[in-house]
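Data block below; observations after.
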Amino acid sequence: MIKINLLPSDGKAKRRKKPPAAIPLVYAATVLVLVVSLAAAGFGYKMLSNALDMAQKEKAEKTKQLEVLKAKTKDVEALEAKIKTINENKKVIELLKANQSTPVKVLDEISKLLPDNVWLIKMSITEQGLQLSGTAKKNDDVVIFVNNLKNSKLFNNVYLSKSQSGALSDLPVYNFEMQMSISTAVKAAA
């Protein structure tokens, strides 16, 4: 038999190196897709983070603007309330002025229409109208006074409610009472 020495000359056995195994294409593609996906996710996260920061800054600015506008709205409401109060006061003053001149006009008109021998004892002006009571020397004087009042533009609905004969210090007189309304045109012109 033939003996063949397959050992190297130094006496140690050499091991053979295996040729490197080729990385399968599937593994390489999977790693490449994984790296690209991670990069895209990082980029997307950064974009969303930046967008969130911008939205938070914009929200803070809008909140500040809203607070400023709320303060201005309160100021405008306060001014509107003051304007309303002033207008109401103005109306009251105008009404008082109008009502102030009405009694003067009524007295002036009655003094013009009052015939001789007729005396007024009581006169009152209310929102419903004017009430007069007085005395006259004759009943004809009362009738003349009533007709004068009916022909006046200042008075409407003249109504003689009472006319009685009586005596005043042993003199015969006629006591009367009447109601009438004051023309609204005269009230408005006042």
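Bear in mind that the values in this text are calculations on the coordinates, not laboratory data. Predicted model only: the values in this text are computed from it and were never measured. Cβ sites come from the backbone with ideal geometry, for glycine too, and all protein chains shown count toward neighbours.
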Inset, instruction - Return the whole-Å distance between the Cα centroid of the stretch 122-156 and the Cα centroid of the stretch 24-103. - result: 70 Å
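Dipole of the chain, Cα-centred, from +1 at each Lys and Arg C-beta and -1 at each Asp and Glu C-beta, to the nearest 20 debye? Don't skip to the answer; put the middle values down first.
On the way: 29 positive and 18 negative charges, 630 e Å.
My answer is approximately 3020 debye.
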Legend entry - Burial ordering of Leu113, Leu32, fewest other beta-carbon atoms within 10 Å first: Leu32, Leu113
Legend entry - Value of [θ]222 nm, deg cm²/dmol, for the chain, DSSP H segments ≥ 4, -39500 (n - 2.57) each, nearest 500: -21000 deg cm²/dmol
Inset, instruction - Working from Cα positions, state the angle (0 to 90°, nearest 10) between the long axis of helix 139-151 and the longest principal axis of the chain. - result: 30 degrees
Inset, instruction - Measure of size requested: the Rg and Dmax of the chain, with Cα atoms as the atom set and Å as the unit; please supply both. - result: 56.6, 192
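Compute the FRET efficiency between Val104 and Lys162 as 1/(1 + (r/R0)^6), taking r as their Cβ-Cβ distance and R0 = 30 Å, and round to the nearest 0.05. Could the numbers behind the result be given before it?
Values: r = 27 Å, r/R0 = 0.91.
The pair Val104/Lys162 has a calculated efficiency of 0.65.
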Legend entry - Hits among lysines - C-alpha to C-alpha of Lys72 under 29 Å, sequence gap 8 or more where chains match: Lys57, Lys59, Lys62, Lys64, Lys82, Lys84, Lys90, Lys91
Legend entry - In sequence order, calculated HN-Hα J values of the stretch 51-59 (Karplus, 6.51, -1.76, 1.60; Hz; x Gly/Pro): 5, 5, 4, 5, 5, 5, 5, 5, 5
Legend entry - Listed residues Val104, Ala71, Ala136: farthest to the positive end of the dipole of the chain (Cβ charges): Ala71
Inset, instruction - At a Cα cut-off below 12 Å, give the aspartates and glutamates reachable from Lys122, other chains included and same-chain residues fewer than 8 away excluded. - result: Glu177
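What number, in percent, do you get for the relative contact order of the stretch 115-154 if the mean sequence gap of Cα pairs under 8 Å and at least 6 apart is divided by its residue count? Each step should come with its number before you reach the end.
Details: 38 pairs, mean separation 15.1, N = 40.
Relative contact order, the stretch 115-154: 38 percent.
Sequence gap at least 6, Cα distance under 8 Å: using those rules, report the relative contact order of the chain to the nearest whole percent.
Dividing the mean separation by the residue count of the chain yields 15 percent.
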Legend entry - Exposed-loop-free span, longest in the chain, where trypsin sites (Lys or Arg not before Pro) count as exposed if DSSP calls them loop and at most 15 other C-beta atoms lie within 10 Å: 18-137
Legend entry - Amide H contacts under 5 Å for Asn117, placed H, 5+ residues apart: none
